[in-house]
Amino acid sequence: MAQQLRVDAIRAARSAGSGHPTSAMSAADLLAGLFDGHLRLDFDRPRAPHNDHFVLSKGHASPLLYAGYKAVGVINDEELMTFRSFGSRIEGHPTPLLPWVDVATGSLGQGLPIGVGLALAAKRLDRSTARVWVLCGDSEMTEGSVWEAFEHAAHERLDNLVALVDVNRLGQTGETMHGWGLSAYAARAQAFGWQALEIDGHDAGQIERALTRAGQASDRPVVILARTCKGKGVAEVEDQHGKHGKPLAEPDKAIDQLGGSRNLRFTPARPGAETGHQPARRTPVSLTRHEIGTETATRHAYGSALRELGTLRADVVALDGEVSNSTFAELFRDSHPDRYFEMYIAEQQLVASAVGMQARGWRPFASTFAAFLTRAYDFVRMAAISRANIRLMGSHAGVATGEDGPSQMGLEDIAAFRAIHGSTVLCPSDANQTAVLVEQLADSSGVCYLRTSRGSVPVLYDPAQEFPIGGSTVLRDGTDVTLVGAGVTLHEALSAAENLASEGLRARVIDLYSIKPVDTETIARAAVETGAIVTVEDHHPEGGVGDAVLEALASADTPVPVTKLAVRTMPGSGKAAELMRQARIDAHAIAEAAGQLVASKPG
């Protein structure tokens, strides 16, 4: 069977004219052994909660995975030959377009961290005997995210997680850091608390014994370190430099060396009859009501709303990066400890775990400081490719964070999350609005981001008011100029409107709490009716609220003068009011910019 997988990987790459057949060939024996009785997966019901999971972390070896699917019988040879073709499900790296692929891979170092999330969900939430198998490449073992996963898996005693490392010695440009030094990898894994098994990755007997031992593991995760040869079985490429990422020059000769084409079939092992987690219960609960005129931080409102959402819905889980007393995720933790996950200061593992959990049907909310989510940005980007439904909360956004200084201030987050395909970006302006948006996020799809602030702000809205995602709120009408803000800057815009009124200028104030999708209709109407717009944001000028408004105006073909107020200089430490004044995003600066813009309008 391993030879068949190698042959089909070569054939697929030949058909595409590109690909990574040599990386597939080194791991063929491992995959053949795994699929032959160890991976318990009902391919007819790939989302069944009792299934095992297989994650191909070395996603460039996708021809091997697709050859395995052909051997199982879920794709045919005709589809296999569409590898890397336009419109094919058989893409260059695996994605969930194929129903047996849980998550997209290809950005190395992500498979094992996501495997941790899958294993956590299976063990602690589903209470299932499902096992998670992750096939890693040796090159990706230098990624820090891999070692975040090693440490967290050991800490959680995930004995349902198995990493298979294809140690074929050769990376894209040369030898890997440790070459065939299995003991170097084993020592590291054991230091983290894993059981490490060193084997010859082309010896079927050793593979079978290692997989059996891994399947019987107790109290700790297992890593199988397999010494292999890149391009195994074909003299032209076996253990040769410079053969990475390209089809074989003489594929027919190579296929002959491997014994020719075959049409063997796997009979996958069936998972046990388990129910998995029960459908979400809905317990009646009222969201915390915040009285108009009182002051509450939106980060605190997030924690309160999440706690209540956890009571309402049994499928909601919360994760945090060891700042739960700042994000107020601790409120969820104290009420629902069985569905709370402390991920510590490991933001890549934080996001990866959320991606893994949602693949098992849970609805994760993950929180940390907005600035620290940049560490996990590649995981966020890949989450969109995975078609993952995750909810991220970034607190301490903007210069309003205050004395902690710029290292703690999220000033790029809106731009970063707006750039994610299919994302939702929300910036609530008061506590009641925050609660309503959090409840909606439980059923939202894609990558959703909620931006919250450190300091308390006045409650503006009645608890019963609705805030649809994609909407906005006009808090004050006017015909001379429009002021657009979100979060803390909305309150500054309201103060500016009062100041302008004393000068005889009527300013319309829009709360753009939904930055993506943006309320183009309301913005375009304001542009037509007031003829000038000032946007103000506690964020750098690139890619934030101002650019969202400009894009809305462009799509509506409504050109009007726009002044963008944003944080254009490097902030330091200080009081929030001092820093907002320095950045010229406070009420005085808004009123001044609006007055100048109105004065410059034609007529």
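The values are calculated or read from the model by the stated rules, or taken from the named source; none is laboratory data. Worth saying up front: this structure is predicted, and the values here are computed from it rather than measured. Cβ sites come from the backbone with ideal geometry, for glycine too, and all protein chains shown count toward neighbours.
Brief remarks on what is shown
- When 458, 468 are screened for being touching a strand residue (DSSP E or B) at 6+ places or on another chain (Cβ under 9 Å) and within 30 Å of residue 361 (Cα to Cα), only 468 passes.
- Residue within region 564-586 that is under 29 Å from the mean Cα position of the chain (by Cα), touching a residue at least 60 places away in the same chain (Cβ under 8 Å) and closer than 17 Å to residue 485 by Cα present: yes
- Criterion: under 14 Å from residue 11 (Cβ atoms) and of a type in the set (Ser, Thr, Tyr) - qualifying residue of 107, 88, 62: 62
Every residue, every condition in (1) in contact with a His (Cβ under 7 Å, 6 or more places away or on another chain); (2) among the aliphatic types (A, V, I, L, M); (3) in the same structural domain as residue 51 (by TED's automatic domain parsing), yes or no:
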residue	(1), (2), (3)
87	no, no, yes
94	no, no, yes
98	no, yes, yes
121	no, yes, yes
128	yes, no, yes
131	no, no, yes
137	no, no, yes
142	no, no, yes
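- Residues satisfying the stated conditions in region 147-162, i.e. surrounded by fewer than 23 Cβ atoms within 10 Å (Cβ to Cβ) and either at pLDDT below 95 or in a loop (DSSP other than H, G, I, E, B) (or both): 156, 157, 159
- Those residues of region 197-219 which are assigned to a loop (DSSP other than H, G, I, E, B), crowded, with 17+ Cβ neighbours inside 10 Å and in contact (Cβ under 8 Å) with a residue 60 or more places away in the chain, in sequence order: 201, 202
- Filtered residues of region 47-61 (kept if closer than 25 Å to residue 122 by Cα and modelled with pLDDT of 95 or more): 51, 52, 53, 54, 55, 56, 57, 58, 59
- In region 549-560 there is no residue that is surrounded by fewer than 23 Cβ atoms within 10 Å (Cβ to Cβ) and touching a residue at least 60 places away in the same chain (Cβ under 8 Å).
- All conditions in (1) part of a helix (DSSP H, G or I); (2) closer than 15 Å to residue 414 by Cα; (3) not small (Gly, Ala, Ser) hold for residue 382, with the sole exception of (2).
- If you go through region 38-68 and pick out every residue that is touching a helix residue (DSSP H, G or I) at 6+ places or on another chain (Cβ under 8 Å), surrounded by fewer than 24 Cβ atoms within 10 Å (Cβ to Cβ) and not hydrophobic (A, V, I, L, M, F, W, C), you end up with 2.
- Strands (runs of 3 or more DSSP E) fully within region 466-582 counting 2 or more residues that are modelled with pLDDT of 95 or more and closer than 21 Å to residue 297 by Cα: 473-476, 481-485, 507-511, 514-516
- Pairs, first over 18 Å from residue 553 (Cα atoms) and not assigned by TED's automatic domain parsing to the domain that holds residue 545 in region 478-493, second at pLDDT 95 or above and assigned to a loop (DSSP other than H, G, I, E, B), C-beta under 6 Å, six or more apart: none
- Leading residue by the ranking (farthest from the chain's Cα centre (by Cα)) among those in region 220-243 that are of a type in the set (A, V, I, L, M) and in a strand (DSSP E or B): 226
- Hey, residue 116 surrounded by 20 or more Cβ atoms within 10 Å (Cβ to Cβ), assigned to a loop (DSSP other than H, G, I, E, B) and not polar (S, T, N, Q) or not: no
- Within region 31-62, considering residues that are part of a helix (DSSP H, G or I) and touching a Gly at 6+ places or on another chain (Cβ under 6 Å), the one nearest to residue 241 (Cα to Cα): 59
- When residue 426 is tested against (1) in contact (Cβ under 8 Å) with a residue 40 or more places away in the chain; (2) farther than 24 Å from residue 547 by Cβ, exactly one condition is not met: (2).
- Complete set of residues in region 391-411 that are closer than 17 Å to residue 513 by Cα and assigned to a loop (DSSP other than H, G, I, E, B): 396, 398, 411
- Residue count, region 486-525 (criterion: among the hydroxyl-bearing types (Ser, Thr, Tyr), crowded, with 24+ Cβ neighbours inside 10 Å and over 34 Å from the mean Cα position of the chain (by Cα)): 0
- Residue 506 basic (Lys, Arg) and either assigned by TED's automatic domain parsing to the domain that holds residue 361 or in contact with a Cys (Cβ under 6 Å, 6 or more places away or on another chain) (or both): no
- Residues satisfying the stated conditions in region 412-439, i.e. surrounded by fewer than 24 Cβ atoms within 10 Å (Cβ to Cβ) and not in a helix (DSSP H, G or I): 412, 419, 420, 421, 422, 423
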